[in-house]
1. Is it true that Ile218 is assigned by TED's automatic domain parsing to the domain that holds Pro324, among the aliphatic types (A, V, I, L, M) and in contact with a strand residue (DSSP E or B) (Cβ under 8 Å, 6 or more places away or on another chain)?
2. Which pairs turn up if I take residues in segment 626-651 that are on the phi > 0 side of the Ramachandran plot and assigned by TED's automatic domain parsing to the domain that holds Ala592 and look for partners that are small (Gly, Ala, Ser) and part of a loop (DSSP other than H, G, I, E, B) with beta carbon separation below 9 Å, at least 6 apart in sequence or on another chain?
3. Taking the residues in segment 164-218 that are surrounded by fewer than 20 Cβ atoms within 10 Å (Cβ to Cβ) and of a type in the set (Gly, Ala, Ser) as candidates, determine which candidate is nearest to Ala251 (Cα to Cα).
4. Of the residues that make up segment 364-380, is at least one in a helix (DSSP H, G or I), touching a strand residue (DSSP E or B) at 6+ places or on another chain (Cβ under 8 Å) and surrounded by 13 or more Cβ atoms within 10 Å (Cβ to Cβ)?
5. If you check Ile45 against the conditions, is it surrounded by fewer than 14 Cβ atoms within 10 Å (Cβ to Cβ) and modelled with pLDDT under 80?
6. Can you work out which of the residues in segment 97-109 that are of a type outside the set (A, V, I, L, M) and surrounded by 16 or more Cβ atoms within 10 Å (Cβ to Cβ) is farthest from Asp252 (Cα to Cα)?
7. Sort out which residues of segment 700-713 are of a type outside the set (Ser, Thr, Tyr), in contact (Cβ under 8 Å) with a residue 40 or more places away in the chain, farther than 23 Å from Pro648 by Cα and not in a helix (DSSP H, G or I), and write them in order of number.
8. May I ask you to list the residues in segment 352-390 that are without any contact (Cβ under 8 Å) to a residue 12 or more places away in the chain and closer than 14 Å to Ile69 by Cβ?
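The values are calculated or read from the model by the stated rules, or taken from the named source; none is laboratory data. Computed from a predicted model, the values in this text were never measured in an experiment. Note: ideal-geometry Cβ built from the backbone for every residue, glycine included; neighbour counts use all protein chains shown.
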Amino acid sequence: MNEKKDNRNGGIRKKYLRLILSVIILIIGVFVVTNLLQIHRLDTIVFQTSELQKEKITSITEDTFDELIGETMNIHLEQEKAGAEDILNSARRGAWILTDMCEEILEHPGSYTEVELKDPDPTLDGRASVQLLVQDWADMNSPKLKKKLGLLGNLTDSMLAVYDNLATGSFYVALPEGVLLLVDDHPSERFDENGKLIPIDYREKEWYKEAVESERTIFTDVYEDIFTGRPTMTCAYPLYMGDELAAVVAADVFLDSVQINIDSAYEDGEIFCILNGDGQVVFSPMTEGVLAKRKDADAPSLRESPDETMAALLENIENEDNTPVLTSVDGKPYYMSGLKCSTGDWTLLYGMDKSLIDEAASKTRDEIDTLMNGTVASFKVEILKVTIILSIILAAVTILALASACKVSERIVKPLEKMTKRIGSIRGEDLEFKVEEAYRTGDEIEVLAESFSEMSERTLQYVGTVKAVTAEKERIGAELNMATSIQASQLPSLFPAFPNRKEFSLYATMNPAKEVGGDFYDFYLVDEDHIALVMADVSGKGVPAALFMMVSRVLIKSHLQNGETPGEALQNVNNQLCENNDAGLFVTVWAAVIEISTGKGISVNAGHEHPAIRRGNGPFTLVEYEHSLAVAALEGVSFEERPFTLSPGDALFVYTDGVAEAQNAAHELFDMDRMLEALNVDSTAEPEVILSNVAKGIERFVDGAEQFDDITMLCFRYDGS
């Protein structure tokens, strides 16, 4: 009986060794044959493949160059268009602001006291001042005119503020009675060499005549300022009180920087020109040739150019087609494209020197050819190295496999020996028998072990279950407490956050619905003059949302502190979070970067709640517009940036949906109206008090009902520099 038992123990080991040895021999044979066939085949086709790759890469490179030319030109044009329109729109905003103020004063004369206006003072050069210029034909003895001037004297502070903030050029209010209110910082230019005021009849100026005749906002053509000699445009707006002309409000735009940028681009092989509404070249780096800058009002229009390609280019621009056109500029080939400005009736032309592009393309083709030839040679060398290395590895694996097989085969009989000893030791109170991994052999040994396990399991199951549940609760509780502490430490919580910065103040809070939440806020200085604000809400709740929140916060902060704009930062973060996002989580984000010295900011709203803003001492109101897609919802999307400007005293309030969607026992929502009401309890209070008012409003509304969502808020007040 014992002899039979010994034979059975050794039989399993022998079977296992024979199986392992057979598999190793089969693998070695298949590997050797396959490797030899693949090496021979690769060596045969590698040359043909490399030649085809050269042709394909060269073709793709040429196509890519063509696409890049169009994209690059469009980028340059859009940038220049935005710059040009920003300059002109600054003047238009200034004219509109002063017109509204002028209209308010004249419509409500009883609300204002009369303020004296002063004549130009040449000693005030370098400082902005409001000056009163009286025409020869003005009747200064008229009580009506005196009253009107006294009332318009209330515009002094407003004109200075608009001049300082927009800094486009001079601003002036021309009255049909022959009086001009003007603000600039060079009053001495109003005087001749004898110290007498230079007479100017503004009724003959194009800006005055066009505004009165058109009865709408107008931009003049580019002209040379009579006082400074600088290239200038004027935006003018006529103010009518009923059917009577009350004033013409105008703003000058000095365009020196436009010519400087155009000359700088020409030095780098680029041509940038600006055409007026008549098709005449008003800005150009060239003084001669087809794109020469206009010298007088009778200069020919570029639309009438005998060059067919140039005429086709302008026709494309009129049809909003900015596809580059290959044309000749004074005998030299250029790729040219253009855009029309929506402000000022300008047309922008941009050209790139074709010879520079051809040189870059030729160099690229040569580099591709050299690279491919080197790749083929390196490939053959590496194939030989790989063959040698694989042979060595195969030999080592074979030896290791045989050694491992011997060791594993010995371990196959261990389960029986172990089971025998364990069964023999079961006595008294020690009745537990577990099916260990060593017993799972897939045969009668496993069945026998499971039978013994079932007998002991019935006795110990209840006690084991209670112990396991208790231990799991303690573990989860400890981990959640630690997660709460870690999450809270990640968010900035020391206030005042920047005690040395007097230009702004802020306060933020987060109240998670569970031990850990998916909401977060963040703020930090990108540099000494820029502060970043972030408010975000991760889909889902609990630990997964908290982990996703921490990753999102770190990525957003990293990209913004690298100098990226909010749109660029969220685009990069979106692509990173989409990688391996098997849980399908996403995060709504409101992010902004504000220039502290000016109050100008850029914001992005990626599926987040509408922010609220308070202008001056007014109430908070929602800023509603179409949002971009949430971050991590879809890879490859872009995020629309929206510029804004904060004036001293303005405040921003951003929050997550837990604020408006807080519920009371009747499942009613706190909603936006109640949120705005809470914000405006004391809208001009400190940010901390404003957040406290909203929190108290929510607490009173829910009246003890369970919180279902994280409540996160941030208030930023801009105080100016």
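1. no
2. Going by the 9 Å Cβ cut-off, the qualifying pairs are Ala632/Ser539; Ala632/Gly584; Gly649/Gly616; Gly649/Gly720.
3. Top of the filtered list is Ala167.
4. Within segment 364-380, not a single residue is in a helix (DSSP H, G or I), touching a strand residue (DSSP E or B) at 6+ places or on another chain (Cβ under 8 Å) and surrounded by 13 or more Cβ atoms within 10 Å (Cβ to Cβ).
5. Judged against the criteria, Ile45 is a match.
6. The extreme case among them is Glu103.
7. Across segment 700-713, the qualifying residues are Ala705, Gln707, Phe708, Asp709, Asp710, Ile711.
8. Asp358, Glu359
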